[in-house]
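Report on the structure given below.
The values are calculated or read from the model by the stated rules, or taken from the named source; none is laboratory data. Remember, predicted model here, so these are calculated numbers, not experimental data. Cβ placement follows ideal geometry from the backbone for every residue including glycine, while neighbour counts extend to all protein chains displayed.
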């Protein structure tokens, strides 16, 4: 702060948040409101030495502004407020939620590929014809209960209208039954 004046706090009404400073030079008391001590780490007490700037109000009266108590540490203005803490916490929770959804989707895809490989491996061991060589046709069936295999349900979901086999719209039909 520049142009600081030094004075002693003569009177202070803590309940109302104002008081008067007697400057080192001069005998006219200067009004000071608690708002002048914005960054003070404690409330002022009678006898404190106050460093301040003078401000002339419209009515010509003098007032202390940008004040601080000599020898008293100022509050850290970078201190986290509850609003900042909750904002950071909210953003962290959102980030974690998105990460969980991403990982869950990724694991689901990996699991689906693993199941597909196991199914194909079993077919090769049993000399079965892969189901993908079978032909299907849209014949009006629309639900999982009407399907005989996951492959058939996939065909109907991809190629036939009005199917009701993908409740969560993730492209995988009959997840609770045929396509587990």
How many residues does segment 132-154 contain that are part of a helix (DSSP H, G or I), out of contact with any helix residue (DSSP H, G or I) (no Cβ under 7 Å at 6 or more places or on another chain) and within 12 Å of residue 174 (Cα to Cα)?
-> 5
Working only within segment 31-58, note down all residues that are under 17 Å from residue 70 (Cα atoms) and surrounded by 15 or more Cβ atoms within 10 Å (Cβ to Cβ).
-> 32, 34, 36, 37, 40, 44, 48, 49, 50, 51, 52, 53
The condition of being at pLDDT 85 or above and over 30 Å from residue 51 (Cα atoms) holds, among 128, 151, 118, only for 151
Boolean, residue 102 is out of contact with any helix residue (DSSP H, G or I) (no Cβ under 8 Å at 6 or more places or on another chain), farther than 30 Å from residue 38 by Cα, loosely packed, with under 13 Cβ neighbours inside 10 Å and modelled with pLDDT of 90 or more = yes
Any residue at all in segment 42-52 that is farther than 15 Å from residue 6 by Cβ, touching a helix residue (DSSP H, G or I) at 6+ places or on another chain (Cβ under 9 Å) and without any contact (Cβ under 8 Å) to a residue 24 or more places away in the chain?
-> no
